[in-house]
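No value in this document is a laboratory result; all are computed from the given coordinates. Because the structure is predicted, anything quoted here is derived from the model rather than measured. Glycine also receives a Cβ, built like all others from the backbone with ideal geometry; neighbour counts cover every protein chain displayed.
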Amino acid sequence: MSKIVYKLIFDRKKCLNRYGMGLVQIEACQGKQKKYFSTHVYLLPHQWDIRKQLVRNHPNAEALNHLIHQHIADVERKELQLWKRGKPVSLEMLKAELEGVTQEESFIDFFAREVKDSDVKESTRNNQLSTWQLLRGFRPSVLFSDLTFDFVADFELYLRRRGYHTNTIAKHIKHLRRQVNAAVNKGFLEEQHNPFRNYRIKMIPGRHTHLTPEELTKLELFRPLETHRNLYHVLDAFLFCCYAGLRYSDFTSLSPANIVDIGQERWLIYHSVKTGTEVRLPLFVLFGGKALGILEKYQNRLEDFFRLGDNSNTNKRLRLIGQMAGVDTPISFHTARHTNATLLIYNGVNITTVQKLLGHKSVRTTQIYANVMDQTLVHDLKSHSL
């Protein structure tokens, strides 16, 4: 498509109205095609300067000139918005947009398409889609014009009433903000209408929760009631990650091929989804080989074992398991990874070894567990009865 060129035309049809006034129009030319858009400004012939294309000899000339050029700016802005959406702009399309003929696209559909087409890790895509699903549950139909400060505040309240943690809510609001910003960048929403211009996302300092040895034992001994048999899989997956130190994303990306026999011993070898680092875990040594017992339980259906529901629903089930098992510590799937590292350090494993088992690129990342090292010192001193 060739470039669209704009200029102003006075009394194009050479037909003044009954007051002897003619209309000022915007002429849009693209190749040999032309379309005309009204500025809604009518003037007497002597009040229009054809050569300079502006109003003259009028008591409100300055204001009218400003109004006319504002109309031109609006047309050019609409053209730019269409280009940002990746559309080849034609005069017909531009006219339809300006006259409001086209139906406004749903932000819900835009959100889904952006996530689908984005170049992100699968785990990130799934996290963003979980926000999309919550948004659909909150309001099935959302137009770009619906995106206001109050809309975001109501969505936050909706998540809070559903029992989501403050930082989990912040995660979903950030996903929403990401797509709203994409809508602004692609011309679906004006920057001055961005609901996040004055919106502050609320977060509280994170706390790395871990299970004590006694709490871990409670979960190991816990057997869900017959009416809650669907919790067995989640519980086993969580315990496996307590023994192996896996993230949710790493666990759900495993396949039977990651379970490798080296000599007579069984290892778990995988690449971290988050960092790409190769991690090699001697399952036969870690926590007395308890992870192997769980793998044996699922030996004929390992593919199914490594597949869980989305992280949010999995965490809901874990919270229920913790309550039923009498565990006071609030549980999320990531608690398993913190429990693994904390208990290893507590039992005297060198922090650089823990770093390799967790797949951290730097030991500094592993040092978030340094608070437990004070407990380790006390534990060691007591064991020596000084």
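Could you give me the ³J(HN,Hα) list for region 17-24, computed from phi with Karplus coefficients 6.51, -1.76, 1.60 and θ = phi - 60°, whole Hz, x at Gly and Pro?
For region 17-24, the Karplus curve yields 7, 5, 9, x, 10, x, 8, 8 Hz.
Please turn the phi angles of region 154-160 into ³J(HN,Hα) values with the Karplus equation 6.51 cos²θ - 1.76 cosθ + 1.60 (θ = phi - 60°), one per residue in order, whole Hz, x for glycine and proline.
These are the phi-based 3J(HN,Hα) values: 5, 5, 4, 4, 4, 5, 5 Hz.
Could you compute the net charge surrounding THR217? Neighbours are other residues with a C-beta less than 14 Å from the C-beta of THR217; K and R count +1, D and E count -1.
Details: positive: LYS218, ARG223, LYS290; negative: GLU214, GLU215, GLU220, ASP328.
Charge balance in the 14 Å sphere: -1.
Where the only charges are on Cβ atoms (+1 Lys, Arg; -1 Asp, Glu), what is the dipole of the chain about its Cα centre, to the nearest 20 debye?
1040
Which one of GLN192, VAL180, LEU216 has its Cα pushed farthest toward the positive end of the charge dipole of region 161-216, where Lys and Arg give +1 and Asp and Glu give -1 at the Cβ?
GLN192
Which value in nm describes the separation of the simple spin-label points at VAL349 and LYS95, placed 7 Å from the Cα toward the beta carbon?
7.2
Give the label of the value calculated from the structure for Rg and Dmax of the Cα atoms in Å, choosing from (1) 25.6, 86; (2) 41.6, 140; (3) 31.5, 109.
Looking at Rg and Dmax of the Cα atoms in Å for this model, the match is (3).
Taking 7 Å along the Cα-to-C-beta vector as the label spot, tell me the ARG307-ALA257 distance in nanometres, rounded to one decimal.
Between ARG307 and ALA257, the simple spin-label model gives 1.7 nm.
In whole Hz, with x marking every Gly and Pro, tabulate ³J(HN,Hα) for region 187-197 from phi via Karplus 6.51 cos²θ - 1.76 cosθ + 1.60, θ = phi - 60°.
With coefficients 6.51, -1.76 and 1.60, one gets x, 7, 9, 6, 4, 5, 9, 5, x, 8, 4 Hz.
Pull out the extension gain between ILE201 and LEU44, defined as 0.36 nm times the separation in residues minus the alpha carbon to alpha carbon distance; nm, one decimal.
The span from ILE201 to LEU44 would gain 51.0 nm if fully extended.
So how far apart, in nm, are the two label points at TRP267 and TRP83 if each is 7 Å from Cα heading toward Cβ?
A separation of 5.6 nm, rounded to one decimal place.
Going by C-beta contacts inside 10 Å, put PHE149, PHE238, PHE305 in order with the fewest on the left.
Going from sparsest to densest Cβ surroundings: PHE149, PHE305, PHE238.
LEU143 to LYS3: extension gain in nm, 0.36 nm per residue of separation minus the Cα-Cα distance?
Working it through step by step, the gained length comes to 47.4 nm.
Roughly speaking, what is the stretch gain from TYR36 to GLU190, that is 0.36 nm per residue apart minus the C-alpha to C-alpha distance, in nm to one decimal?
Details: separation 154, 0.36 × 154 = 55.44 nm, distance 2.42 nm.
The span from TYR36 to GLU190 would gain 53.0 nm if fully extended.
Which FRET efficiency value, to the nearest 0.05, is calculated for HIS69 and HIS208 with the Förster distance at 51 angstrom and r the Cβ-Cβ distance?
On the way: r = 58 Å, r/R0 = 1.14.
It comes out at approximately 0.30.
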